[in-house]
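Following: one structure in structure tokens, then a few remarks.
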There are 4 protein chains.
Amino acid sequence: MAHYVLTLGCPDRTGIVARIATFLSNAGGWITEAAYHADAETNWFFTRQVVRADSLAFPLEELRRRFAQVAAELGAPDGWRVSDTARPPRVVMLVSREGHCLYDLLGRYAGGELAMDVRAVVGNHTALEPITRAHGIAFHHVPFAPGAQGKRAAFDEIRKLVDAEEPDAIVLARFMQIVPPDLCEAWAGRMLNIHHSFLPSFIGARPYHQAHTRGVKLVGATCHYVTDDLDAGPIIEQDVIRVDHSDTVADMVRKGRDIEKVVLARGLRAHLEDRVLVHGNRTVVFH
Amino acid sequence: MAHYVLTLGCPDRTGIVARIATFLSNAGGWITEAAYHADAETNWFFTRQVVRADSLAFPLEELRRRFAQVAAELGAPDGWRVSDTARPPRVVMLVSREGHCLYDLLGRYAGGELAMDVRAVVGNHTALEPITRAHGIAFHHVPFAPGAQGKRAAFDEIRKLVDAEEPDAIVLARFMQIVPPDLCEAWAGRMLNIHHSFLPSFIGARPYHQAHTRGVKLVGATCHYVTDDLDAGPIIEQDVIRVDHSDTVADMVRKGRDIEKVVLARGLRAHLEDRVLVHGNRTVVFH
Amino acid sequence: MAHYVLTLGCPDRTGIVARIATFLSNAGGWITEAAYHADAETNWFFTRQVVRADSLAFPLEELRRRFAQVAAELGAPDGWRVSDTARPPRVVMLVSREGHCLYDLLGRYAGGELAMDVRAVVGNHTALEPITRAHGIAFHHVPFAPGAQGKRAAFDEIRKLVDAEEPDAIVLARFMQIVPPDLCEAWAGRMLNIHHSFLPSFIGARPYHQAHTRGVKLVGATCHYVTDDLDAGPIIEQDVIRVDHSDTVADMVRKGRDIEKVVLARGLRAHLEDRVLVHGNRTVVFH
Amino acid sequence: MAHYVLTLGCPDRTGIVARIATFLSNAGGWITEAAYHADAETNWFFTRQVVRADSLAFPLEELRRRFAQVAAELGAPDGWRVSDTARPPRVVMLVSREGHCLYDLLGRYAGGELAMDVRAVVGNHTALEPITRAHGIAFHHVPFAPGAQGKRAAFDEIRKLVDAEEPDAIVLARFMQIVPPDLCEAWAGRMLNIHHSFLPSFIGARPYHQAHTRGVKLVGATCHYVTDDLDAGPIIEQDVIRVDHSDTVADMVRKGRDIEKVVLARGLRAHLEDRVLVHGNRTVVFH
């Protein structure tokens, strides 16, 4: 059954819930999920509403037109979004050699767990080409020639391949390359990364080595939107797993992978279902 | 700052959110928290709203009178409640010899973490009398004479002591006695127990022994409303902690205590803040 | 680098550690891991030792011959085992239609995370044949004809296919069929199942439905050795994940899958590395 | 029943386990717990052994004399320790105004959960004096006069009070003052702190504010030995708890307290039972 998902972030004031609820009620909207959050610190209001498509008297475009008016009234002409669950979001994944996140996402995709349309996988190595093709998905190999110029050329090629798919999500599934600022900007709010530490601990390279050296008792992973500021983008999801003195760096890497996979999958799912609203450098994630 | 907390459970249908939101909006209500849940299976709707007391044009009693009408309209003349955070809920605790839950709750109380008014502690032993009195709280010793008659007499005495305080919550903080059906009924929806297992595993006596015998790898605790049906009341909160083969029953008991304390404290907090709505044998807990 | 893994369970008494340590020390054994556990309740002693193969003055067969003598002296002529990490354990997996556990195990296998030799996958449906073959692994389809006779015939066929591989582990990766007693006995201590609940809660069919009805706040999964007594075999590993009132049965199933996968992978890994020693219905798992 | 706990850290080589096990076996020692760890990276070996006191043919001092020889042979004349569980370790606690950790430790102490002898509590405020005295424990108030000189004078006074008790553990139970280098050195390996973040995240002041600003999805706590290098000492124990966008800083503080309490209690317990061996800036914690 198709649903429309409405999200809105706007300045807080009294009467917003009533305004939106009345709007939907008047339209005959059957609300199956509704979540609200008022952030006292920034005085900002957030909501996510799920409405049965067949309960509305008018089509999607009309809903968008009318909801745009409500959003404008509420002081957020650009802070809203309406998506249609009948059209699964389009996804492109960027990978390198390490496969655990890709295997996991493809397994979930094959099992029908993630409602998405995986358009392509782009890799700077070919290690993950066979498994991608086994799932019937296009794989593009974009090797990185040495030096800044090689990197730039590769990213230009990647950008073309990605943009051609008009994706709703670009997933860095252990891509291991720093994305240049122009792509961060072009894909802002759509590009998700999985970082292999519990940020802000162990920013940068080789976080498990850093964790081992510091002697921490838990290692973690962080799914965040990619911004220009390395490993500092808005956090969507995090989790940790226990380690102890007997764990070598290799053990930490192995245990950490289980957390990376699941944190990326949860973060991506929240993104695909329009559960994530970004405000400044923080996220509201409606579960 | 004082707030009113409104909760409602009623048959689901379209327009409920709009009805309540409009009602509050018309009254000038400044909503600081709002949570909704529609249960598709039972077709029941649940909400909890927190309103700033000073934003309303009329006093508490008038709010109750008006909200009663709304609730009646929505088909739930008895399914609502409005409480005032300016009047901390009244609590009585029942204990035996084991102190970890009582120590924990009194520590939180002293630290201002739990907004409640602890009226009294009732114990069938005197072991916990000194710590109770050190916190300036009345302690009543009600010994249990042997046999069914002794038990009945003790519970009659307890009932008198408890009812005299008109408590909003009766907390069995490791009380270790089976409460008779008439008290379960009299205190329905107000009596919380902490069971030292992850229910429905290990119902009944000595759950840690049962857990050890079965060789489980996690032990847990469950905070639930007490009903007549032993250990089968609506669950409010649960958590677990890892154990392994090297843990004796005594180790499990010790590790389990840390979970019991925190699960009871979380469950009680949710109850005191009117975050728990019971429907049949299940709970909606708005966090 | 190849290692020998020695495990032993024997009656407890003083001097066992000294006996084994001296035996290995005299043989020049370089111990890289050593774990001990004395169970006070059953008065049983357990150990697992990992020795560098190249540190010993004699070959594997001689180690086995000598260690058999030590074990016999210690009262456990059959309670020991020596395996060689240079020979990865052989594994057969049994599946049905649901793929999340198989996808996960194959992903780990492909990524080199699990040191094993997957000989074959046997399925009573063909849904998972393509992904199995994409990983270069043989897939045998054994359909179950209706009725007791059909089931018996299918299990006879499965037994032949499995036994032909002489597997060290038979993994029921959401196989969904009750294995007959004769196979339970033939594969005792080698057959691992993943049960989709936190046993002993919700034994039997449709545990997530049972969990939803009971209103629990956590759901879990259990990896255990299969015995004749349904869902009651020795537990190897368990874990849980939080759910709440807003989770439908379908949500619980989805969240639970993430726990099933990881619990099965951890349990299998422990089994493959000879970290699990069974005693009665309980396990010692050396991490 | 009294036990002796032997710990040793020494350069790794073959035969250590055999040497120690034979030593204990020859002395008639009945080992009830034994743990070993060889750190491949630093090539260091660690062990902890628990022996029934009544199983040895000689008294504690003789055990110490003989074990000192073994340790010297193994290249670690100063890397060993033998303690007697019949003599509970002596503890002094340093507190400020916030009571949740002290309440928790005193509750565990009263309940017999922590085998220790709490000699005194020292506070720079008097807020926690009544609860301390209610437990029958001496409380010393040492106010901090403003300025560096006032602080120095206060720490001199604290040092006298603490050293007079010859404590095995000095616990900073949310003491909130930076301990000067000379005290860090004097109490090295005996002074435990609870830091209210998952170190190395959010070092320094107001970690929950930092966590809120960064928008993390988990907050944590760290129990570590205090060194001269603020918040960088060897970590003993850590844990985390989930938070989300709806949690204010005050909510994070409240949720974090539950983790602080339990992490400090676990860390202290490990320290008191001689389960923690420090090597460089990392710890081996034998569970």
For D:GLU98, only one of the following conditions fails: (1) facing chain B (nearest Cβ under 10 Å); (2) buried (at least 19 other Cβ atoms within 10 Å of the Cβ); (3) free of Cβ contacts under 8 Å to residues at least 40 places away in the same chain. What is its number? (3)
What pairs come up if the first residue lies in region B:106-124 and is facing chain D (nearest Cβ under 8 Å), the second is part of a loop (DSSP other than H, G, I, E, B) and not β-branched (Val, Ile, Thr), and their beta carbons are under 8 Å apart, counting only those six or more places apart or on different chains? B:LEU106/B:HIS135; B:GLY107/D:GLY99; B:ARG108/B:LEU114; B:ALA110/B:HIS135; B:ALA110/D:GLY99; B:GLY111/D:GLU98; B:GLY111/D:GLY99
Can you tell me how many residues in region B:33-58 are more than 20 Å from B:ALA72 (Cβ to Cβ), β-branched (Val, Ile, Thr) and crowded, with 16+ Cβ neighbours inside 10 Å? 1
Among the residues of region A:34-47 satisfying the criterion of being of a type outside the set (S, T, N, Q) and touching a residue at least 40 places away in the same chain (Cβ under 8 Å), which is farthest from the other protein chains (Cβ to nearest Cβ)? A:TRP44
Exclusive hit being within 26 Å of C:PRO207 (Cβ to Cβ) and hydrophobic (A, V, I, L, M, F, W, C), set B:ILE178, B:ILE170, B:ILE236: B:ILE236
A:ILE178 being among the β-branched types (Val, Ile, Thr), within 14 Å of another protein chain (Cβ to nearest Cβ), assigned to a loop (DSSP other than H, G, I, E, B) and closer than 22 Å to A:SER96 by Cα: no
Per the filter on region B:244-254, residues in contact with a strand residue (DSSP E or B) (Cβ under 6 Å, 6 or more places away or on another chain) and more than 10 Å from chain C (Cβ to nearest Cβ) are B:MET252
Filter region D:1-32 down to residues that are over 15 Å from D:GLY75 (Cα atoms), surrounded by fewer than 21 Cβ atoms within 10 Å (Cβ to Cβ) and free of Cβ contacts under 8 Å to residues at least 24 places away in the same chain, then give me how many there are. 3
Residue match in region C:16-27 (condition: in a strand (DSSP E or B) and of a type in the set (Ser, Thr, Tyr)): no
Tell me whether region C:216-229 contains one or more residues that are outside any loop (DSSP other than H, G, I, E, B), aromatic (Phe, Trp, Tyr) and closer than 28 Å to A:LYS255 by Cα. yes
Residue that is of a type in the set (A, V, I, L, M, F, W, C), surrounded by 22 or more Cβ atoms within 10 Å (Cβ to Cβ) and over 16 Å from B:VAL121 (Cβ atoms), where the choices are B:PHE198, B:PHE175: B:PHE198
Is at least one residue of region D:98-110 touching a Lys or Arg at 6+ places or on another chain (Cβ under 6 Å), of a type in the set (D, E, K, R) and more than 30 Å from D:ARG48 (Cα to Cα)? yes
Which ones in region D:208-230 are under 20 Å from A:GLY215 (Cα atoms), buried (at least 18 other Cβ atoms within 10 Å of the Cβ) and not aromatic (Phe, Trp, Tyr)? D:LEU218, D:VAL219, D:GLY220, D:ALA221, D:THR222, D:CYS223, D:HIS224, D:VAL226, D:THR227
Right, B:ALA18: within 8 Å of chain A (Cβ to nearest Cβ) and closer than 17 Å to B:HIS279 by Cβ or not? no
Check whether at least one residue in region D:48-62 is within 8 Å of chain C (Cβ to nearest Cβ) and part of a loop (DSSP other than H, G, I, E, B), and report yes or no. no
Can you pull out every residue in region C:104-150 that is hydroxyl-bearing (Ser, Thr, Tyr) and either under 23 Å from C:GLU166 (Cβ atoms) or at pLDDT below 95 (or both)? C:TYR109, C:THR132
Which one of these does D:GLU61 not meet: (1) farther than 30 Å from B:THR132 by Cα; (2) in contact (Cβ under 8 Å) with a residue 40 or more places away in the chain? (2)
Could you list all residues from region D:199-215 that are over 18 Å from A:ASN281 (Cβ atoms) and of a type in the set (A, V, I, L, M, F, W, C)? D:LEU199, D:ILE203, D:ALA205
Of the conditions (1) within 10 Å of another protein chain (Cβ to nearest Cβ); (2) in contact with a Leu (Cβ under 9 Å, 6 or more places away or on another chain); (3) under 30 Å from D:VAL278 (Cα atoms), the single one that A:ALA221 does not satisfy is (1)
Can you find even one residue in region A:238-254 that is under 26 Å from A:ILE170 (Cα atoms), surrounded by fewer than 18 Cβ atoms within 10 Å (Cβ to Cβ) and either of a type in the set (A, V, I, L, M) or over 10 Å from the mean Cα position of the chain (by Cα) (or both)? no
What pairs come out if I take residues in region D:261-287 that are more than 9 Å from chain A (Cβ to nearest Cβ) and in contact (Cβ under 8 Å) with a residue 40 or more places away in the chain and pair them with residues that are in a helix (DSSP H, G or I) and among the basic types (Lys, Arg) whose C-beta lies under 7 Å away, six or more apart or interchain? D:ALA265/D:ARG108
Tell me, yes or no, whether region B:139-158 has at least one residue that is surrounded by 17 or more Cβ atoms within 10 Å (Cβ to Cβ) and touching a residue at least 40 places away in the same chain (Cβ under 8 Å). yes
Filter pass, C:ASP84 being surrounded by fewer than 22 Cβ atoms within 10 Å (Cβ to Cβ), more than 14 Å from chain A (Cβ to nearest Cβ) and within 24 Å of the chain's Cα centre (by Cα): yes
Within region C:187-215, residues being in a loop (DSSP other than H, G, I, E, B), within 12 Å of another protein chain (Cβ to nearest Cβ) and not hydroxyl-bearing (Ser, Thr, Tyr) number 6
Going by what's in this entry, would A:PHE198 be described as in contact with a Leu (Cβ under 6 Å, 6 or more places away or on another chain) and among the hydrophobic types (A, V, I, L, M, F, W, C)? no
Single match in C:VAL284, C:VAL276, C:VAL262 (criterion: modelled with pLDDT of 95 or more, in contact with a Ser or Thr (Cβ under 6 Å, 6 or more places away or on another chain) and more than 20 Å from C:GLY215 (Cα to Cα)): C:VAL276
Regarding D:SER25, is this residue of a type in the set (Gly, Ala, Ser) and in the same structural domain as D:ARG190 (by TED's automatic domain parsing)? no
Of the numbered conditions (1) away from chain D (no Cβ under 14 Å); (2) free of Cβ contacts under 8 Å to residues at least 40 places away in the same chain, C:GLY79 satisfies every one except a single condition; which is it? (2)
Among (1) closer than 18 Å to A:GLY111 by Cβ; (2) part of a helix (DSSP H, G or I); (3) away from every other protein chain (no Cβ under 11 Å), C:ARG257 falls short only on (3)
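The values are calculated or read from the model by the stated rules, or taken from the named source; none is laboratory data. Only a predicted model underlies this, so the values are computations on that prediction, with no experimental measurement involved. Glycine gets a Cβ as well: all are built from the backbone with ideal geometry, and neighbour counts include every protein chain shown.
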